[in-house]
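Taking it in order: structure first as C-alpha cells, then the write-up.
The values are calculated or read from the model by the stated rules, or taken from the named source; none is laboratory data. Keep in mind the model is a prediction, meaning the values are calculated, not measured. Cβ placement follows ideal geometry from the backbone for every residue including glycine, while neighbour counts extend to all protein chains displayed. Side chains included, ligands, DNA and RNA excluded: accessible areas come from the protein's heavy atoms. Shrake-Rupley method; radii C 1.70, N 1.55, O 1.52, S 1.80 Å.
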Amino acid sequence: MTRDEPLVLGIETSCDETGVGIVRGTTLLADAIASSVDEHARFGGVVPEVASRAHLEAMVPMLERACTAAGVRLGDLDAIAVTAGPGLVGALLVGVSAAKALGLALGKPVYGVNHLAAHVAVDQLEHGPLAEPTVALLVSGGHSSLLLVPDITEDVIPLGATLDDAAGEAFDKVARLLGLPFPGGPWIDREARGGDAAYVDFPRGLTSPRDAESHRYDFSFSGLKTAVARWIETRERNGEAVPVADVAASFQEAVVDVLTAKAVDACRTNGVDHLLIGGGVAANSRLRIVAEQRCAQAGIELRIPRPGLCTDNGAMVAALGAELVARGRASSVMTFGADSSMPVTNVTVAPNGQPIGEGAP
Ligand code: KG4
Ligand code: ZN
C-alpha cells in the first residue's frame, strides 16, 4: 500500500444492507455494515419502505464506524463512491443523497456507480488486480447475470441474465416451501449437506439444444421452483413426509449445475480463461465446489471473494471507486440521481454532465 493510492469511501444502499467501506487502492481499510434483514423476515422478502427507513437510521452510525475502523477523517478522502443503481429506488436515494452531501461538504468528487460492476471489482481487495478480460457470474437475491468484462472501469458486456427469478430469489422461495427461514439460501446450503443431491432430478432451465440458440447464457429458475412446489404437494397429498435435506440438496444441485455449466461455456466460447463469481449466492458451498471442479477441468482460473465480500457491502463500492480514480475516469456530475434499472453497460452514472435518474434536480 502506498500513500498515493486513492483513499475512497463507498456507500451501498441498493437493497437491505447499509454498507460503508473505505479502501486505499486495493487495500480494504474498513467495511461497516448494518442489515435490516430481520425486519423483513416475517414478510418473506425485502419491503422497500422498511429498507429505506433503516438506511436513513443506519447511515451516519455506519459512516462513523467505518472512519473509526479505518483510522481516517472524512477530510482525508480522495473521493466518494455510491451505488446509483440498479436496486430499490427509495433505498438507493438514501445512499445517493448521503454521498452527494459528503461530496459537496468536503469538495470531493462523487462517483455514482453500478452495483453489479462493484460486485466484480470487490475481488481486487482479496485477490489483487482483475484479469482482463474476465467472465463474471453474479448471483444474488436481486440479480443473476453473466458478464464479459474487458475493463471493469468502462467496458462491461452483458452475455445473459435471468428471465424470471434471480438465483437467490429461487433459494429463498424454495426455502419457504420447505419451511426454512428467510433468507433461505444459507439454510438450504446447510440442510443440503445432509441430503442426497440425486434424490429428485429437478429440471435444469434453459439448457435444451433449442435454448442454446436463443438463451445460451440466460437463466430461468421459476420452472424449477414450480417443480419443487409440485413435488412437495404430491408428497403431502399422499400423506408422506417431505425429506427436507434431500429436496434441498436436489434443488441446489439443479441451480449449481446450470450456473456453473453456463459460466464455463461463456468462458470457453469467448476465449476467456478467468472466471469470477460474486453476489450472495457465491457464498454457497456446493457452488464453490462444483465451480472449482469444472474450472479445473476446463483450464479456467476461478476467483470467488470470501463470503463476506460476496454479499452486499460498502467495500465493493469503494473498491470500484478506487479503480475509477486510479484510472483517471470521470466522476459523476452532481446532478445525478438514483437509477433503479441502471444498465450493466453503464459502470458509472452521468459522467458527462447529463442529469439522470430519480432525485436528480
Ligand atoms: O448479494 P446479496 O447479499 O443481496 C442481493 O443483492 O440480493 O444476496 C442475497 C441472496 C439471498 O437470496 C440469499 O438467500 C442468498 O444470497 N444466499 C445464498 C447463500 N448465502 C446467501 N444462497 C445460497 N447459498 C448460500 N450459502
Ligand atoms: Zn448485490
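Cβ-Cβ contacts under 8 Å between residues 6 or more apart (or on different chains), taken from a first residue in the range 235-253 that is of a type in the set (Lys, Arg) to a second residue that is open to solvent by less than 60 Å² (accessible area, probe 1.4 Å), are listed as Arg235/Val242.
Note on the range 159-194: residues that are within 16 Å of ligand 2 (Cβ to nearest atom), in contact with a helix residue (DSSP H, G or I) (Cβ under 9 Å, 6 or more places away or on another chain) and either among the charged types (D, E, K, R) or open to solvent by 10 Å² or more (accessible area, probe 1.4 Å) (or both) amount to 7. Annotation for the range 348-355: no member residue is open to solvent by 10 Å² or more (accessible area, probe 1.4 Å), modelled with pLDDT of 90 or more and more than 15 Å from Ile152 (Cα to Cα). Here the range 48-82 is the region considered, the condition is being of a type in the set (A, V, I, L, M, F, W, C) and part of a loop (DSSP other than H, G, I, E, B), and the residue that is surrounded by the fewest Cβ atoms within 10 Å (Cβ to Cβ) is Val72. Of all residues in the range 62-90, exactly one satisfies the criterion of being farther than 19 Å from Leu104 by Cα and of a type in the set (D, E, K, R), namely Arg65. Filtering the range 15-46 to residues that are within 11 Å of ligand 1 (Cβ to nearest atom) and more than 23 Å from Arg176 (Cβ to Cβ) leaves Gly19, Ile33.
Going through Glu154, Glu213, Glu132 one at a time, which residue ends up being more than 25 Å from Met316 (Cα to Cα) and either away from ligand 1 (no atom under 16 Å from the Cβ) or of a type in the set (Asp, Glu) (or both)? After applying the criteria, what remains is Glu213.
Any residue in the range 314-328 that is open to solvent by less than 40 Å² (accessible area, probe 1.4 Å) and part of a loop (DSSP other than H, G, I, E, B)? No, the range 314-328 has no match at all.
Only a single criterion out of (1) within 16 Å of ligand 1 (Cβ to nearest atom); (2) open to solvent by less than 40 Å² (accessible area, probe 1.4 Å); (3) at pLDDT 95 or above; (4) not charged (D, E, K, R) is not satisfied by Val264, namely (1).
Can you name every residue in the range 25-47 that is open to solvent by less than 20 Å² (accessible area, probe 1.4 Å) and modelled with pLDDT of 95 or more? Matches in the range 25-47: Gly25, Ala30, Ala32. Within the range 119-149, the set of residues being in a loop (DSSP other than H, G, I, E, B) and either more than 13 Å from ligand 2 (Cβ to nearest atom) or open to solvent by less than 20 Å² (accessible area, probe 1.4 Å) (or both) comprises Val122, Asp123, Gly128, Pro129, Leu130, Ala131, Glu132, Pro133, Ser140. Of note, Val281 does not satisfy the criterion of being open to solvent by less than 10 Å² (accessible area, probe 1.4 Å), outside any loop (DSSP other than H, G, I, E, B) and either of a type in the set (Gly, Ala, Ser) or modelled with pLDDT of 95 or more (or both). Candidates Gly95, Gly112, Gly85: the one that is modelled with pLDDT of 95 or more, of a type outside the set (Phe, Trp, Tyr) and either more than 16 Å from ligand 1 (Cβ to nearest atom) or open to solvent by 10 Å² or more (accessible area, probe 1.4 Å) (or both) is Gly112.
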